[in-house]
2 protein chains.
Amino acid sequence: MSGAAGPGANLTALRSHNAALVLRLLRDAGEDGVSRPELAGRTGLTPQAVSKITARLRAEGLLAEAGQRASTGGKPPTALRLVPDARHAIGLQLDRDEVTAVLVDLAGTSVAARSAPFDFGAPAEEALAAATAEVRALLADAAAGGGLLGVGVAAPGPLDHGSGVLHRVTGFPQWDGFPLRDALADLLALPVVLDKDTNAAALGLVTAGTAESAAYLHLGTGLGAGLVLGGDVYRGARTDAGEFGHQVIQLDGPPCDCGNNGCLEALCLAAVARGDRTDAARLLGIGATNLVRLLDIDRVLLGGRMVLADPEPYVRGVATMIAEDSARASRPPVSVDVVERGERAVVEGAARLVLAPLFALG
Amino acid sequence: MSGAAGPGANLTALRSHNAALVLRLLRDAGEDGVSRPELAGRTGLTPQAVSKITARLRAEGLLAEAGQRASTGGKPPTALRLVPDARHAIGLQLDRDEVTAVLVDLAGTSVAARSAPFDFGAPAEEALAAATAEVRALLADAAAGGGLLGVGVAAPGPLDHGSGVLHRVTGFPQWDGFPLRDALADLLALPVVLDKDTNAAALGLVTAGTAESAAYLHLGTGLGAGLVLGGDVYRGARTDAGEFGHQVIQLDGPPCDCGNNGCLEALCLAAVARGDRTDAARLLGIGATNLVRLLDIDRVLLGGRMVLADPEPYVRGVATMIAEDSARASRPPVSVDVVERGERAVVEGAARLVLAPLFALG
DNA sequence: TGCACTTTGGCAACACTGTTGTCAAAGTGG
DNA sequence: CCACTTTGACAACAGTGTTGCCAAAGTGCA
């Protein structure tokens, strides 16, 4: 690549980093808030440093006092909490036939939402206009109280997160090479971040759980994964990571569009097509087990239209297969669930693309 | 886990970070050295900050001037280079039947090496005594000029990198739960870092290439992988990541010791056992392709006794399969090679476990 | 040959970070 | 009632990278 050795850190970066750490703890604590001494203990910073940092954040309106806690033998600590309304972000999901937009606050809570039919196959300008119209309408509906941080866009892959350019989306060649991020940023006059829909959903997992490593498996028209490794979304150098569906699990299996034989996606979608959800779940479970073993995953979440239509057999099937394997390998159990707020997981995750830097996540 | 939000950064951490960045660039530049302005450009730090940092590092003896470069229209820049002898580290590899120890300098170059027969099945104290004797003999042979930073230990997994404790090594149940890191640290009175042999070898890749993501595939008595993701070794929460051999690639395949059917390891080792290296390479290639697609890997290196005995068919087979898949997916090519310095890859990687923090790697 | 220009790299002053020392406020518990 | 603990602020401090300035040492054109 550029040959750079990663960014040098200056005092500004130091400040942002520590502020983000404090904000993350405050966000995770929710309404109850956290006391200053607790923040100090959890971050490893001195109490005085925490006092300075929280004072700055309070001046920016990002946090507020939330009453006093019970004393533990001395002066009772003052709880601090995030002020969710202080900032907002927009999530925009471009799907094959629908565009969805949400306005979320700092806590990631959805404040307003809109969706409309969408033609991903339309000419770029037309589709872009439809998407921006949706965002503008959303903002008109619910004026964002605090500052608007930007727009996070989730689209089907492949695409490049770094440059914000779409690649050859299956079935929609006209988007290949289109600089979607910059085009939207110009039209909306807001910062824009672009990512794959699976990564957006995975980003929601970073927030939701304390799990260090998690995988979001999306079974829709295709089968993809969003990976959270070591607390951050893992994209790979070209945002191509997460191609979960095209792992070969049957050497002599049926041919797949990708050119290989016995891809998990082909087998799984075939099972779905013939209505055999049990077998689809079993196949998905095998792929998930491969993933868990390879990457030491703590948590698996399932999503996508096929799963959301009838989650139970999938969750049960995948959970069973992973649990059996974990037991044999005497590994701690891995939680398997449907993604929360199913249909909204991707859009709300998209909004978090914008929020993530504030909390030193991403 | 602990609920901590990652460590807060203070000024000391800031200094170490920037110093490590500079050291890494100097190490990668080798004998030729790097000029201060170039360091500034690559790190993003101001020239004056680089001057201060390099002055400190020079005072510690870690770097020295390396002559003047050609002028580019002004005062000619002074090249700075790492002083490899300034510090040393020990790498220790505990294998099933052999113990190997190397002394490496800051650049990772091997200065001295020893190896001896070893019985991993012996009682812990006995094996430990043999290992420490090997290290002491190595130090007696070649007195380390600069300060000795510590010992990096590579052992067959599973084990926990964080706590330095061995888990149930296949065939050697007596090691289960043994605190190898602390035991060795006590005996040698040196800092000790413990990691899986595959991870140690993978750490060598971080150094060697500019590849952001790489995988080291080890085909020996088993089949495992060491993963480098985003420039760092990826271990997972419990150092269990890298279980590459037990991915299912043939649903109705033969049973594997792990309890599943059609594991890559079982199929691949069976092919090796019947002398069919071409098929073994093909199977390895399928697993490698799965890995490359899932994790957007740039570089694959092959190692382990089976491969090193006759590398060519493996490299060719794996390279061909990945190349075909990459071409179909119009992805940039992935380099496939035998690991350099084959037999030594793991021990020298182990030594780098100790060096890594100096260069902000790991 | 002379001179304008560029680049290097050090020194001093600076703005800002987190840290330490100190102290008042406000509780608990014997 | 009083000793003790904890909270959280203020002031002084050490140390970071940054900025402004300048001498040294080259290049390249007139």
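The values are calculated or read from the model by the stated rules, or taken from the named source; none is laboratory data. Everything numeric in this text was worked out from a predicted model, so none of it was measured. In this analysis, Cβ positions are derived from the backbone assuming ideal geometry, glycine residues included, and neighbour counts consider all displayed protein chains.
Residue-level check: of (1) among the acidic types (Asp, Glu); (2) loosely packed, with under 14 Cβ neighbours inside 10 Å; (3) within 14 Å of chain A (Cβ to nearest Cβ), B:Asp28 misses just (2).
For B:Asp97, the conditions (1) surrounded by 20 or more Cβ atoms within 10 Å (Cβ to Cβ); (2) without any contact (Cβ under 8 Å) to a residue 40 or more places away in the chain all hold with the exception of (1). Here is a list: B:Val99, B:Val34. Which entry is at pLDDT 90 or above and either in contact with a His (Cβ under 8 Å, 6 or more places away or on another chain) or of a type in the set (A, V, I, L, M) (or both)? Of the residues listed, the single one that is at pLDDT 90 or above and either in contact with a His (Cβ under 8 Å, 6 or more places away or on another chain) or of a type in the set (A, V, I, L, M) (or both) is B:Val99.
Evaluate the range B:301-319: report whether one residue or more is crowded, with 24+ Cβ neighbours inside 10 Å, within 8 Å of chain A (Cβ to nearest Cβ), in contact (Cβ under 8 Å) with a residue 60 or more places away in the chain and farther than 28 Å from A:Ala327 by Cα. Write out each step before concluding.
Pass one, the range B:301-319, residues crowded, with 24+ Cβ neighbours inside 10 Å: B:301-304, B:307, B:314, B:318.
Checking the rest, the ones that are also within 8 Å of chain A (Cβ to nearest Cβ) come to none.
The answer is no; no qualifying residue exists.
Please specify each residue of the range B:23-61 satisfying the condition of being more than 14 Å from B:Val83 (Cα to Cα), near DNA strand C (Cβ under 9 Å from one of its atoms) and either in contact (Cβ under 8 Å) with a residue 12 or more places away in the chain or under 24 Å from the mean Cα position of the chain (by Cα) (or both). Once the filter is applied, which keeps residues that are more than 14 Å from B:Val83 (Cα to Cα), near DNA strand C (Cβ under 9 Å from one of its atoms) and either in contact (Cβ under 8 Å) with a residue 12 or more places away in the chain or under 24 Å from the mean Cα position of the chain (by Cα) (or both), the range B:23-61 yields B:Ser35, B:Arg36, B:Pro37, B:Glu38, B:Leu39, B:Val50, B:Ser51. Return the pair list, or none, for Cβ contacts closer than 6 Å from residues in the range A:74-85 that are more than 17 Å from A:Thr54 (Cβ to Cβ) to residues that are of a type in the set (D, E, K, R) and away from DNA strand C (no atom under 11 Å from the Cβ), at least 6 apart or on different chains. Short answer, once both residue conditions are applied: A:Asp85/A:Asp105.
Of all residues in the range B:291-341, exactly one satisfies the criterion of being assigned to a strand (DSSP E or B), closer than 24 Å to A:Arg293 by Cα and among the small types (Gly, Ala, Ser), namely B:Gly303.
Of all residues being more than 10 Å from DNA strand D (Cβ to nearest atom), of a type in the set (A, V, I, L, M, F, W, C) and in contact with a strand residue (DSSP E or B) (Cβ under 6 Å, 6 or more places away or on another chain) in the range A:65-89, which is farthest from A:Val104 (Cα to Cα)? Just the residue, please. Top of the filtered list is A:Ala66. Scan the range A:220-243 and tell me whether some residue there is within 23 Å of A:Arg27 (Cβ to Cβ), assigned by TED's automatic domain parsing to the domain that holds A:Gly287 and hydroxyl-bearing (Ser, Thr, Tyr). Among the residues of the range A:220-243, at least one is within 23 Å of A:Arg27 (Cβ to Cβ), assigned by TED's automatic domain parsing to the domain that holds A:Gly287 and hydroxyl-bearing (Ser, Thr, Tyr), which makes the answer yes. Would you confirm whether or not the range B:165-179 contains a residue that is under 18 Å from B:Arg352 (Cα atoms), touching a residue at least 24 places away in the same chain (Cβ under 8 Å) and outside the structural domain of B:Phe244 (by TED's automatic domain parsing)? Looking through the range B:165-179, none of the residues is under 18 Å from B:Arg352 (Cα atoms), touching a residue at least 24 places away in the same chain (Cβ under 8 Å) and outside the structural domain of B:Phe244 (by TED's automatic domain parsing). Scanning the range B:62-87 for residues that are at positive phi and more than 8 Å from DNA strand C (Cβ to nearest atom) yields a single hit, B:Gly67.
When A:Ala323 is tested against (1) in contact with a helix residue (DSSP H, G or I) (Cβ under 7 Å, 6 or more places away or on another chain); (2) within 14 Å of chain B (Cβ to nearest Cβ), only condition (1) is not met. Per the conditions (1) out of contact with any helix residue (DSSP H, G or I) (no Cβ under 8 Å at 6 or more places or on another chain); (2) closer than 30 Å to B:Gly231 by Cα, the sole criterion not satisfied by B:Phe172 is (2). Restricting A:Ala142, A:Ala137, A:Ala107, A:Ala129 to those that are surrounded by 14 or more Cβ atoms within 10 Å (Cβ to Cβ), away from DNA strand C (no atom under 16 Å from the Cβ) and not polar (S, T, N, Q) reduces the list to A:Ala107.
Go through B:Thr12, B:Thr72, B:Thr46 for me and flag whichever is among the β-branched types (Val, Ile, Thr), within 10 Å of chain A (Cβ to nearest Cβ) and surrounded by fewer than 14 Cβ atoms within 10 Å (Cβ to Cβ). Spell out the reasoning first.
Details: B:Thr12 fails: within 10 Å of chain A (Cβ to nearest Cβ); B:Thr72 fails: within 10 Å of chain A (Cβ to nearest Cβ).
None of the other options fit; the residue is B:Thr46.
Return yes or no: is B:Ala101 in the same structural domain as B:Arg136 (by TED's automatic domain parsing), more than 16 Å from DNA strand D (Cβ to nearest atom) and farther than 30 Å from B:Pro158 by Cβ? The answer is no for B:Ala101.
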